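Novice: Got a structure for you, written out below as structure tokens; questions coming shortly.
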Amino acid sequence: MKQLKGKTQNIDTGIVGKITTKHQYLSSRKNLIYVTNDKYPSKGYLATITSSSNLTNKALQYVEGVKNISELRDNDIVIIEPNGNISELFDSTSIHNSIFITERCNSNCIMCPQPPEKEEEDKLNLNLKYISLIEKKTKSISITGGEPTLIGDKLFVILNAINSRIPNASINILSNGINFANYEYAKKFAQVIKQEIIVDIPIFSDIDTIHNSIVRVNSFYKTIKGIYNLATFNIKIGIRIVIHKMNYDRLPELSEFIYSNFPFVYHVAFIQMEPVGFAKDNLDSLWIDPLDYNNELKKAVQNLHNRDIYVSVFNAQLCVLPNELKRFSVQSISDWKDIYIDECDNCTQKKQCGGFFSSSKEIHSRGISAFKEIQAKDA
């Protein structure tokens, strides 16, 4: 998420508010954070964020000395921490917005881009405040972590709040599926759902020991059971496969496993690895140039597509994909961390390409090369 930094005054706990760059009527200010270059914070707002320093009114809540405040736009939602960190929770111009439920996880994936924390403060009330401020016209929202189900029944409180605020939005939950192996929990989850939802669950291999060595817990069969429990209640399920050196060679077999055991899945996504967090720490064990697994990826994608399963390739660059796979490519990297490198400057397919994670600037395929003429999407 986008982050800024400043020095706080009278902010002793995290506060969540909606950005405004224009003065509002006093009666409508209580949930608004005013962004300005002024030296004087305004009364009535939840807080003020300003680029100025040495403010004189010490009675109000504000963050001073913040650089790049132009990055904050009207109707963005941010959280201000006591240490002066300002994190953007909701980008009003983006379709990639999410609710971060917890930093804890019951997996320990070897390539996790955001390693889990063992201890944390309860985020429920802050998230409920966040949800109450989301634009009602929002069409989709993701729920992510960590592992969202680790907050137990509080997840149902979050889902009910989403339904009350944005009932027409679709919900995407990123989960490892382990806790859905509990039939009663899966049942309660299904009973709460009142809008379109898809639960995306990772399966990294068709072989249990390989999957378990990647997630670093013995969870393969619990994940499988969780998928079946959700399917029992007609919950849409997606399968996500992050590709790396430990699993690329069995992608065709994994596609057969998915079709044979989960022909009901809504979507399957093959995902290029993000080289940050644990992935960067274990790069020698994980990194393989995407060029070097194209044959396996092509077989896997075609296996599923030919059997009428909706399949996509995430986080990949068009110049690296074989022609047969270009039409399956999806621009999936969140706006705030999507970049293009120097080699892309004159590429005619830049707007159609998925781009790179910001962490991939130095770690990317040797096959990156700008297109000089228009390529057919389904070539």
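The values are calculated or read from the model by the stated rules, or taken from the named source; none is laboratory data. Just so you know, these numbers come straight off a predicted model, no measurement behind them. Cβ placement follows ideal geometry from the backbone for every residue including glycine, while neighbour counts extend to all protein chains displayed.
Let's see how each residue does on (1) surrounded by 18 or more Cβ atoms within 10 Å (Cβ to Cβ); (2) assigned to a loop (DSSP other than H, G, I, E, B):
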{"site": "LEU291", "(1), (2)": "no, no"}
{"site": "ASN294", "(1), (2)": "yes, no"}
{"site": "LEU297", "(1), (2)": "yes, no"}
{"site": "ALA300", "(1), (2)": "yes, no"}
{"site": "ASP308", "(1), (2)": "no, yes"}
{"site": "VAL320", "(1), (2)": "yes, yes"}
{"site": "LYS326", "(1), (2)": "yes, no"}
{"site": "ILE333", "(1), (2)": "yes, yes"}
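Novice: List the pairs whose first member sits in the range 160-189 and is closer than 19 Å to GLY145 by Cβ, whose second member is modelled with pLDDT under 95 and surrounded by fewer than 18 Cβ atoms within 10 Å (Cβ to Cβ), and whose Cβ atoms are under 8 Å apart, counting only residues at least 6 apart or on separate chains?
Specialist: Close Cβ pairs satisfying both conditions: none exist.
Novice: Does any residue of the range 146-163 turn out to be at pLDDT 95 or above, assigned to a strand (DSSP E or B) and either surrounded by 22 or more Cβ atoms within 10 Å (Cβ to Cβ) or not aliphatic (A, V, I, L, M) (or both)?
Specialist: Looking through the range 146-163, none of the residues is at pLDDT 95 or above, assigned to a strand (DSSP E or B) and either surrounded by 22 or more Cβ atoms within 10 Å (Cβ to Cβ) or not aliphatic (A, V, I, L, M) (or both).
Novice: Residue pairs, Cβ under 9 Å, 6 or more apart or interchain, first in the range 324-344 and closer than 23 Å to GLU71 by Cβ, second aromatic (Phe, Trp, Tyr) and not in a strand (DSSP E or B). List them.
Specialist: Between residues of the range 324-344 that are closer than 23 Å to GLU71 by Cβ and residues that are aromatic (Phe, Trp, Tyr) and not in a strand (DSSP E or B), there is no close pair.
Novice: If you don't mind, there's one more thing I want to ask. Residues in the range 112-133 that are under 15 Å from the mean Cα position of the chain (by Cα) and either touching a residue at least 60 places away in the same chain (Cβ under 8 Å) or not assigned by TED's automatic domain parsing to the domain that holds MET273 (or both): how many?
Specialist: The number of residues fulfilling the criteria is 4.
Novice: Please go through (1) outside any strand (DSSP E or B); (2) over 26 Å from the mean Cα position of the chain (by Cα) for MET1 and return the number of the only condition it doesn't satisfy.
Specialist: Unmet condition: (2).
Novice: Tell me, which residue of the range 238-258 that is of a type in the set (Asp, Glu) and in contact with a helix residue (DSSP H, G or I) (Cβ under 7 Å, 6 or more places away or on another chain) is nearest to LEU297 (Cα to Cα)?
Specialist: Among those that are of a type in the set (Asp, Glu) and in contact with a helix residue (DSSP H, G or I) (Cβ under 7 Å, 6 or more places away or on another chain), it is ASP249.
Novice: Select from the range 243-275 the residues that are part of a loop (DSSP other than H, G, I, E, B), without any contact (Cβ under 8 Å) to a residue 60 or more places away in the chain and closer than 23 Å to ILE333 by Cα and list them in ascending order.
Specialist: Matches in the range 243-275: LYS245, ASN247, VAL265.
Novice: When the range 201-210 is examined, which residues are found to be touching a residue at least 24 places away in the same chain (Cβ under 8 Å) and either crowded, with 21+ Cβ neighbours inside 10 Å or hydroxyl-bearing (Ser, Thr, Tyr) (or both)?
Specialist: Across the range 201-210, the qualifying residues are ILE201, PRO202, ILE203, PHE204, SER205.
Novice: Quick test for you: out of GLU343, GLU362, pick the one residue that is at pLDDT below 85 and either assigned by TED's automatic domain parsing to the domain that holds LEU325 or loosely packed, with under 13 Cβ neighbours inside 10 Å (or both).
Specialist: Only one candidate passes the filter, namely GLU362.
Novice: Quick one: is ASN179 more than 17 Å from the chain's Cα centre (by Cα), modelled with pLDDT of 95 or more and of a type in the set (S, T, N, Q)?
Specialist: Yes.
Novice: Just to be sure I understand the filter: pairs with C-beta atoms under 8 Å, separated by 6 or more residues or on different chains, first member in the range 297-312 and closer than 12 Å to SER329 by Cα and in the same structural domain as PHE204 (by TED's automatic domain parsing), second member small (Gly, Ala, Ser) and not in a helix (DSSP H, G or I). Which pairs pass?
Specialist: VAL311/ALA269; SER312/ALA269; SER312/SER329; SER312/SER332
Novice: Of these, GLU184, GLU120, which one is assigned to a loop (DSSP other than H, G, I, E, B), surrounded by fewer than 16 Cβ atoms within 10 Å (Cβ to Cβ) and either out of contact with any Lys or Arg (no Cβ under 7 Å at 6 or more places or on another chain) or charged (D, E, K, R) (or both)?
Specialist: Criteria check complete, one pass: GLU120.
Novice: Pairs under 8 Å by beta carbon, first residue closer than 22 Å to VAL215 by Cα in the range 134-147, partner acidic (Asp, Glu) and surrounded by fewer than 17 Cβ atoms within 10 Å (Cβ to Cβ), six or more apart or different chains?
Specialist: The qualifying pairs are GLY146/GLU117.
Novice: In the range 104-117, which residue that is at pLDDT 95 or above and in contact with a strand residue (DSSP E or B) (Cβ under 9 Å, 6 or more places away or on another chain) is nearest to SER132 (Cα to Cα)?
Specialist: ARG104
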